[in-house]
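Just so you know, all these numbers are worked out from the coordinates, no wet-lab data involved. The structure presented is a predicted model; accordingly, all values stated were derived computationally and were not measured. Cβ placement follows ideal geometry from the backbone for every residue including glycine, while neighbour counts extend to all protein chains displayed.
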Amino acid sequence: MRYLSTLVLLIVCTLGGNKTYAQNQKINGEIFIPLNDRSDIKMNPRIDTLENKTDYEFKIRVSPDFKISQFLFEKGLATQNDSVLVINANSQKDGGTDTAILRVIVTSIRGNRIMLFQKQFIVRVAEKIYPIIKNSKSNIIMVNDKITLERNNSYSKDLLIDNHPFVTLYDNATNMKKIDVKGVTISLMEKEGKQYISKGDTLSSEAIHELKKIKKPTPVYIRVDGQSGKTRKTVWNRILVYNE
């Protein structure tokens with residue numbers, strides 16, 4: 001049987017999860033996988049940029065002489081269900097752009113030819129959003145009841161690792177009403193998804209262990225959970241921790 005020079009996958013790409021697009025907005029186009037010169041996947045219209053953690057749905061129709069064996073998506077997930085493919089990039093970066101490659105394994109119906117094709121995408125990653133303290137004179141977090149942690153200021157890691165330090169929380173600088181600390185959570189920017197939680201007012205041993213590893217200035221997020229009477233309060237703060 002004579003092989004076709006081009007395998008054509010007809011797709012409809014639906015952008016989901018991006019509020020800047022109208023719901024169910026569709027882009028009609030084609031994915032071309034040239035079989036002779038082994039070029040990368042070509043898309044028309046040109047789709048080179050994806051939004052991180054957003055579903056992109058492709059409806060696929062394959063030339064009868066060939067079949068798709070598998071889709072693989074670097075830094076994300078490719079899910080194929082019959083004639084539908086959904087890809088979702090999952091970059092671990094904090095803001096900016098990343099790259100991810102969609103790989104397609106194609107075989108002939110007779111199974112005597114196996115080919116690999118790929119398409120590289122730019123992935124736009126939104127910067128993480130944390131609660132912002134609007135008034136720097138309220139929700140005061142202190143270490144050892146001596147040093148106030150000012151948002152976005154730099155502190156030596158020794159402050160947070162020496163002698164198992166404890167954390168105090170005050171409602172505001174005017175009345176300095178103390179709030180009973182029920183938990184302290186530490187999260188390092190470079191350890192996305194990992195949180196080191198203590199159920200008391202001291203940092204957990206795991207948090208101290210990770211803070212000791214810091215060699216270069218690193219953003220650290222501190223969450224303090226407190227209670228005053230029947231009122232519960234959660235305060236986030238972001239500081240830069242450096243090695244002395």
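Values as computed for the structure displayed
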item: Hull-based mean projected area of segment 138-242, where the convex hull spans the alpha carbons, in square nanometres; result: 6.2
item: Rg/Rg_ref, segment 175-214, where Rg_ref = 2.2 N^0.38 Å and atoms are Cα; result: 1.36
item: Relative contact order computed over segment 138-242 (Cα-Cα under 8 Å; 6+ residues apart), in percent; result: 30
item: Restraint check, LYS177/LYS215; LYS67/LYS93; LYS75/LYS199; LYS59/LYS93; LYS157/LYS182; LYS93/LYS230, Cα-Cα greater than 32 Å; result: LYS177/LYS215; LYS67/LYS93; LYS75/LYS199; LYS93/LYS230
item: For segment 140-168 and segment 206-221, distance of Cα centres in Å; result: 13
item: Extension gain (nm, one decimal) between GLU150 and THR99, 0.36 nm per residue minus Cα-Cα; result: 14.8 nm
item: Estimated FRET transfer efficiency (THR79, SER108; beta-carbon r; R0 30 Å; 0.05); result: 0.80
item: Pair ILE129, ASN90: separation of 7 Å Cα→Cβ label points (nm); result: 2.2
